[in-house]
1. With charges set only on the Cβ (+1 for Lys and Arg, -1 for Asp and Glu), what does the dipole of the chain come to about its Cα centre, in debye to the nearest 20?
2. Ignoring ligands, DNA and RNA, what percent of the accessible area of the chain is carbon or sulfur (1.4 Å)?
3. Within the set Lys186/Lys250; Lys265/Lys289; Lys214/Lys241; Lys186/Lys262; Lys102/Lys149, which residue pairs have Cα atoms separated by over 26 Å?
4. With just the Cα atoms defining each centre, how far is segment 4-63 from segment 140-185? Give it in Å.
5. Mind checking which lysines have their C-alpha under 19 Å from Lys248, skipping anything on the same chain fewer than 8 residues away?
6. Taking only Cα atoms of segment 33-185, what ratio of Rg to Rh do you get with Rh as the Kirkwood inverse-distance radius?
7. Find out how many positive minus negative residues lie around Leu124, taking Lys and Arg as positive, Asp and Glu as negative, among other residues whose Cβ is under 13 Å from that of Leu124.
8. Once you order the gyration tensor axes a ≥ b ≥ c over the Cα atoms, which shape class does the chain get: rounded for a/c under 1.5, otherwise prolate or oblate by comparing a/b with b/c?
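The values are calculated or read from the model by the stated rules, or taken from the named source; none is laboratory data. In this text, all values refer to a predicted model and were calculated from it rather than measured experimentally. A quick note on method: Cβ atoms are made from the backbone with ideal geometry, for glycine too, and the neighbour counts reach across all protein chains shown. Protein only, heavy atoms only, side chains kept; ligands, DNA and RNA dropped before computing areas. Shrake-Rupley method; radii C 1.70, N 1.55, O 1.52, S 1.80 Å.
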Amino acid sequence: MDNLKPLQAYLEEKKRLIEEALDKYYPKIRGYGKRVAEAAQYSLKAGGKRLRPILCLMGYELYRNSSEDILPFACGLECIHTYSLIHDDLPCMDDDDFRRGKPSCHKAFDEATAILAGDGLLTLAFELFTHPEVVKRISPLALTKAIHKVAQAVGFRGMVAGQMADLLAEGKRGTLQQLKWIHAHKTVAFIEASLVSGALLAEAPSKEIKILSKFGQQLGLIFQIVDDLLDIIGDEKTLGKPVKSDLKKKKLTYPSLFGLEKTRKMAEEMTEEALNTLNKLEKDTTYLKELTLYILNRAH
Ligand code: GRG
């Protein structure tokens with residue numbers, strides 16, 4: 001720990017690297033495609049914690065020195081995340097007018113443009129995963145495994161299915177089992193895959209991938225539960241989006257089932273368990289441990 005910089009400085013440095021790379025690798029589109037590419041870039045550049053690409057770099061750095069090798073891959077994860085936010089904000093989904101402190105994509109542009117911007121970002125992700133800068137440094141097998149992991153996590157087996165279940169559960173009395181399924185698919189799978197994809201790119205041993213996968217799932221659930229809490233107790237300005245929206249939409253969440261106090265306690269217990277999982281890994285997991293605590297205590 002002695003020669004490690006504080007987590008905050010580490011996160012800021014990685015965020016800067018990712019944002020520079022997002023600019024560098026974003027395609028320069030002219031002609032008819034310009035408007036939709038600009039709409040997508042508007043949302044991509046609106047801010048955000050860049051958690052998923054940072055997790056990917058962290059997974060890689062457990063095994064390799066230079067995570068800059070995989071920056072385009074990490075940017076691809078942020079493109080997928082931003083697509084999901086743009087589509088989630090649409091009137092036919094969660095109908096939110098603000099995201100990352102700015103008008104949502106469909107408000108700043110229009111609905112059709114926002115749908116296409118999301119589609120374009122999802123597709124751009126696969127262009128970035130297979131960017132020549134990545135291909136020349138990563139073995140074809142490792143790259144294929146990482147892409148497969150992410151694709152499974154965000155498609156019909158993961159985020160898309162979770163979003164469907166979330167919409168179907170709105171306004172109904174749900175069970176804990178249902179809630180766990182929604183969280184595991186809508187949010188957790190992608191967070192887990194972001195970390196694990198980095199480790200896969202670094203060709204980590206499969207025994208260690210399993211441990212990281214378990215930790216990624218625990219971290220993803222803590223992240224989502226804190227998100228549920230912030231929707232009730234968070235500050236609108238700090239969050240960059242309206243609060244109490246889960247309550248208004250009668251969403252199935254941990255606080256709706258257990259109340260605030262119990263939910264917070266559960267998140268704390270899960271944090272203990274996640275830290276224990278990391279102890280099984282014979283690697284320097286200081287940053288991952290600090291990140292877990294940071295996610296538990298985050299205000300945005
Ligand atoms: C439209 C297929 C599809 C999926 C949408 C992302 C998502 C699934 C829904 C967003 C709703 C929501 C609030 C989910 C909770 C977890 C989450 C993804 C929060 C937003 O992620 P952050 O906090 O956002 O990492 P930033 O802006 O920091 O990148």
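1. 300 debye
2. Exposed carbon and sulfur together represent 55 percent of the surface.
3. Over 26 Å apart, Cα to Cα: Lys214/Lys241; Lys102/Lys149.
4. 23 Å
5. Correct list for Lys248: Lys172, Lys237.
6. Taking Rg over the Kirkwood Rh, I get 1.00.
7. -2
8. Judged from the Cα gyration tensor, the chain comes out oblate (a/c at least 1.5, b/c at or above a/b).
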